[in-house]
Amino acid sequence: MSAEALAPIPDVRREARNAERRRLLLWLGPPAAWFAVFMLLPHLSLLYVSLGHMDYVDFVPGFSAANYVKIFTVEPYLGVTFKSFNNGLMTAVLASLIAYPLALWMAFGVSSARARALVSVLVILPWLASYMVKAYAWKTILGTQGVVNSLLVSAGVVAEPLETLMYSRFAVILTLTYIFTPFCVISIYAQLERIPPSLIEAARNLGATDLEILRRIVLPISIPGVFAGAVIVFSLAFSDFITSTLVGGPSDLMISSIMINLFGVSMDRPLASAIGFLMLALAAVLLVTMQWVEKRVQVRF
Amino acid sequence: MSLELSGLVKSFRGPHGTQRAVDGVDLVIPRGEFVSMIGSSGCGKTTTLRLIAGLETPDSGSIVHEGREITHVPAARRGLRMMFQDYALFPHMTVGENVAFGLRVRAQRGRHSAAEIDRLVDEHLELVHLPGVRNRRPNELSGGQRQRVALARALVTRPDVLLFDEPLGALDAGLRRAMQFELKRLHAELGKTFIYVTHDQEEALAISDRIAVMHEGRVLQYAPPDEIYFQPTTRYVARFVGSTNLLDGELAGRDGALGAVRLRNGTVVRGLVATGLPDTKVSAMIRADRIDLVAEGPSAMLSGRVRERLFLGTHDEFQVDVDGLDVDLTVHMSRRRDASVAPGVGARVGLRWAEEDVRVLSD
């Protein structure tokens, strides 16, 4: 057979490859476009605005890091960012601590499938209520005329209603924890559910006590779920501003509140953008790190 | 000394009300024996095993091990080790850590030094022919290797009794065979009691000293494999174990150990009567490999027409449509070198067997 006769074959292959590529583009096009328009562009514009400055009420584009320098040198920005970070961290830790026993009970303590479904619904149910309603609910519980204070006063534990319950950091973290704990429960439960019952039976059969089974089998296998849940809760709590506005005191402003004020009241959009961009970057770093950690501790069956 | 189960009952609440998974099981398992429990799914064999292991609590009845009542002793303190169908290896631990688990639990703390644990782990991995995998993870091993790790993990704590819950169920046929020999070897080598649950009757026949055939939560027959195979006491056992023909009829008479069954076509089949046979409604049981195909005539006990013939390697299987009966008889015949000697499909044949190969059974 001559070389000429063989020549068309590579063309056919290339054709097929091109067709494959076109089909891929067709499928990937819409999500890629969505991502570009609604994710990439806004973030780039955020970065762009954060590098400029304001001339009274007019935005002047530029290429200066002044806003970032300001965040790190002029109070209250850095301090409040740290405080918000702390609040987020505390919320994540508390939510994980509350969620773990609950998820444990759901996975191993509830024997019938119907009861388990019911408990799952009960965990998720608060999410059907509006965020604001839930935050307000804590107002009625913790306020000076609230349930807790009325009880304490009528029981004679305190003479006057406690002011510190409400409009305090305590109230902010309590409310945030209440609102975000379900994320942790679901995330941990998903991991616990993967553990085959035979693993626990095998450990018991080999002489392990319940506590040993928890520490040496259940906890190591489910720890990625704890991390995953904690990261979600941290990200949400760190950037939260509604709860701190509703139940926090004047000194409990979170960095997001400040950012909103800069946008709306002070009209300093570049500085607000810089804060927003830093928060995004922080969250991204955190997510990537946790993803790496999760991959390291993830158990493959 | 032995493991004794008496009057064990266990019910589960299911979608169709309460069901008795185990309904009065009595078994005496002599020390050092290899005992299999077989039966179709839902017969209660696995539940019985789990009751012995302490993973379930019986509603009533008792379990006595070496003279000690262990019915309500927690699983962790029974000293019986169980092998799970899915191996149940701890996925986050290395093979070495898996095997050492039973030596490192709090109940064992202080009894073994770190060096001793190391030595025991290596020794037992060697025992199951799996040296040099200590630092691997279970998910890096094949099914057969995981099986061996699970075995080493169970053996390292030196239990008197090993419980197996369909341990070879997930392996392919070749590996299954190899593991059967392996288990048999280990049993002979270690002298421990093995209690083995399987739905595979061939496997049970091959490896057990004694077989308990279970059905609907009860033990129907508990005997050595050859007795289960050749002298089943009930129709169910006969049908469950091996390839069997059951010819229904009425008890026409009996003379000591011999009984006569009148089949629906009038033929009288004589055979050995199973112990405690009361009924008039009985069946004559003949194993497929105990029937000869002969020419039609007075020497044949039944006659019929070959409806199907399958070549199965070691033998041919014939389905013979018997005259006057609405059942097909299954006949196994060793393959002749010259296959044309054996009757083909459609051929008229006579069927013959020896009286001592017939068992007369009832339900």
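What follows is calculated from the coordinates using simple rules that are stated; it is not laboratory data. Because the structure is predicted, anything quoted here is derived from the model rather than measured. Don't worry about glycine lacking a Cβ; one is built from the backbone with ideal geometry, like all the others, and counts go over all protein chains shown.
Annotations for the structure displayed:
- Principal axis box of region B:243-361, alpha-carbon based, largest edge first, Å: 45, 26, 22
- Volume per residue of the C-alpha convex hull in region A:226-293, rounded to whole Å³: 84
- Distant-in-sequence amide H partners of B:R218 (H built 1.01 Å from N, under 5 Å): B:D23
- Backbone geometry of region A:286-301 corresponds, through the Karplus equation with coefficients 6.51, -1.76 and 1.60 at θ = phi - 60°, to 3J(HN,Hα) couplings of 4, 4, 5, 4, 5, 4, 5, 4, 4, 5, 5, 9, 5, 9, 9, 7 Hz, x marking Gly and Pro.
- Remark: the protein assembly as shown carries a charge dipole of roughly 840 debye about the Cα centre, counting +1 on each Lys and Arg Cβ and -1 on each Asp and Glu Cβ.
- Under the Karplus curve 6.51 cos²θ - 1.76 cosθ + 1.60, θ = phi - 60°, whole-Hz ³J(HN,Hα) for region A:103-120, x wherever Gly or Pro sits: 5, 4, 5, 4, 7, 10, x, 9, 7, 8, 5, 5, 5, 5, 4, 5, 5, 4
- Computed 3J(HN,Hα) for region A:73-78, one whole-Hz value per residue from the Karplus formula 6.51 cos²θ - 1.76 cosθ + 1.60 where θ = phi - 60°, is 10, 9, 6, x, 4, 5, glycine and proline marked x.
- Dipole of chain B, positive direction: furthest Cα of B:I211, B:Q145, B:F240, with charges on the beta-carbon: B:Q145
- Kirkwood Rh, angstrom, the protein assembly as shown [1 / mean 1/r, Cα pairs]: 32.2
- Ellipticity at 222 nm from helices only: DSSP H runs of n ≥ 4 in chain A, each -39500 (n - 2.57), divided by the residue count, give -23000 deg cm²/dmol.
- Residue with peak Gaussian network fluctuation, chain A [Cα springs, cutoff 10 Å], from A:A117, A:A155, A:A237: A:A155
- Region B:93-186: radius of gyration over Cα atoms, expressed as a fraction of 2.2 N^0.38 Å: 1.08
- Kirkwood Rh and Cα Rg combined as Rg/Rh, region A:110-159: 1.25
- Taking every alpha-carbon pair in region A:1-104 and binning the separations at 5 Å intervals from zero gives 2, 9, 7, 8, 9, 9, 9, 9, 8, 7, 6, 5, 4, 3, 3, 1, 0 percent.
- Applying Stokes-Einstein at 37 °C and 0.692 mPa s to the Kirkwood radius of region A:75-300, computed over alpha-carbon pairs, gives a translational diffusion coefficient of 167 µm² s⁻¹.
- Charge-dipole axis of region B:243-361 as Lys and Arg at +1 and Asp and Glu at -1 on Cβ define it, positive-most pick from B:A342, B:V322, B:V282: B:A342
- Max mean-square fluctuation residue, GNM over chain A, Cα-Cα springs under 10 Å, options A:N149, A:N18, A:N261: A:N18
- Take every Cα pair under 8 Å whose residues are at least 6 apart in sequence, average their separation, divide by the length of chain A, and the relative contact order is 26 percent.
- Counting, for every residue in B:82-94, the Cβ atoms of other protein chains within 10 Å of its Cβ and taking the mean gives 6.
- Taking B:D172, B:D122, B:D26 as the candidate residues, the one with maximal mean-square fluctuation in a Gaussian network model of chain B, Cα springs under 10 Å, is B:D172.
- Binning all Cα-Cα separations of chain B at 20 Å, short to long from zero, yields these whole-percent fractions: 25, 46, 24, 4.
- Around the Cα centre of region B:172-275, unit charges on the Cβ atoms of Lys, Arg, Asp and Glu (plus for the first two, minus for the last two) sum to a dipole of about 220 debye.
- One quarter of the surface of the convex hull around the alpha-carbon atoms of region B:1-60 equals 4.4 nm², the direction-averaged projected area.
- For the peptide A:190-200, the mean number of other protein chain Cβ atoms found within 10 angstrom of a residue's Cβ is 3.
- The alpha carbon radius of gyration of region A:255-295, expressed as a multiple of 2.2 N^0.38 Å, is 1.50.
- Each Cα pair under 8 Å and six or more residues apart adds its sequence gap; the mean of these over the residue count of region A:1-113 is a relative contact order of 9 percent.
- Counting other Cβ atoms within 10 Å as a rough exposure proxy, the listed residues A:S251, A:S96 run A:S251, A:S96 from fewest neighbours to most.
- Working note: 222 nm ellipticity from helices only, DSSP H runs with n ≥ 4, each -39,500 (n - 2.57), summed and divided by the residues of chain B, gives -7000 deg cm²/dmol to the nearest 500.
- Amide H contacts of B:R287 (H built 1.01 Å from N, in plane; Pro and chain starts excluded): B:N245 sit under 5 Å, all sequence-distant by 5 or more or on other chains.
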